[in-house]
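Data first, discussion second: the structure below is written as structure tokens.
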Amino acid sequence: MATVTTASIITTIRGIVKDIQKTDGRDAFEYGTDTTFKLSKSYISSSGMKVYKNGTELTTGWSYNSTTNRVTITASLTSGDDIIITYSYYEKFSDTELTSYIKANLAWFTRRRYKKHFYMNSNDEVVTLDGINPTEEEGNIIAIITAIDIDPKNFRIRTPDFTIEAEETKSKSEQINEVFDQFLRNFGKIDFLEIE
């Protein structure tokens with residue numbers, strides 16, 4: 001069974017809210033005196049980023065800062081050098097934003113008295129108090145609930161086990177509760193907490 005990670009949950013959320021990675025990010029600059037170059041898109045995926053100087057790829061001598069959204073070139077540059085930076089990006093959300101949404105929506109499992117208590121650890125991974133990580137089905141429910149919170153009127157999901165449609169007449173809470181009801185009927189069970 002595949003391990004459910006925050007990254008895999010984020011990928012599912014992006015699919016639901018239609019924030020699919022675009023691969024056509026490209027910025028061109030002419031070097032003057034500043035060795036930092038601000039990119040034109042906001043939610044950059046730096047894993048496939050490439051930097052070219054005068055048509056030749058720089059495999060070292062540069063770095064990307066996601067906080068400032070700038071590439072800094074430490075390789076030797078001469079005034080007038082053409083710099084081209086290619087990258088992938090998202091249009092709507094950063095991974096940091098989606099991680100925050102996930103963290104906030106884990107509270108739904110506690111509210112619904114679900115048998116596992118999910119939380120986000122210091123590495124931003126979804127885990128439980130007893131060390132049992134989310135199953136694939138639970139990861140999907142985390143993604144669906146988070147997607148509803150982000151955009152409750154955006155989607156329709158149909159799986160062999162349940163169907164969820166965003167309806168104009170239903171609030172976020174009603175839609176999330178509907179997801180839980182269908183999920184619990186098919187995969188989960190409620191463990192009622194006893195108060196001593």
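The numbers here are math on the coordinates, done by the rules we state, and not lab data. The shown structure was predicted, so the numbers you read here are calculated from the model rather than taken from an experiment. A quick note on method: Cβ atoms are made from the backbone with ideal geometry, for glycine too, and the neighbour counts reach across all protein chains shown.
On a per residue basis, the convex hull of the C-alpha atoms belonging to segment 22-90 measures out at 77 Å³. Rounded to the nearest whole angstrom, the semi-axes of the ellipsoid equivalent to segment 1-155, taken from the Cα gyration tensor as √(5λ), stand at 39, 15, 12, largest first.
How large is the helix-only mean residue ellipticity at 222 nm for the chain, computed as the sum of -39500 (n - 2.57) over DSSP H runs with n ≥ 4, divided by its residue count, in deg cm²/dmol to the nearest 500? Provide the component values of the computation, followed by the final result.
Numbers: 5 runs with 57 residues, N = 196.
Calculated at 222 nm, the ellipticity per residue is -9000 deg cm²/dmol.
What does the charge count around residue 79 come to, taking other residues whose C-beta lies under 14 Å from its C-beta (Lys +1, Arg +1, Asp -1, Glu -1)? Neighbour charge sum, excluding residue 79 itself: -3.
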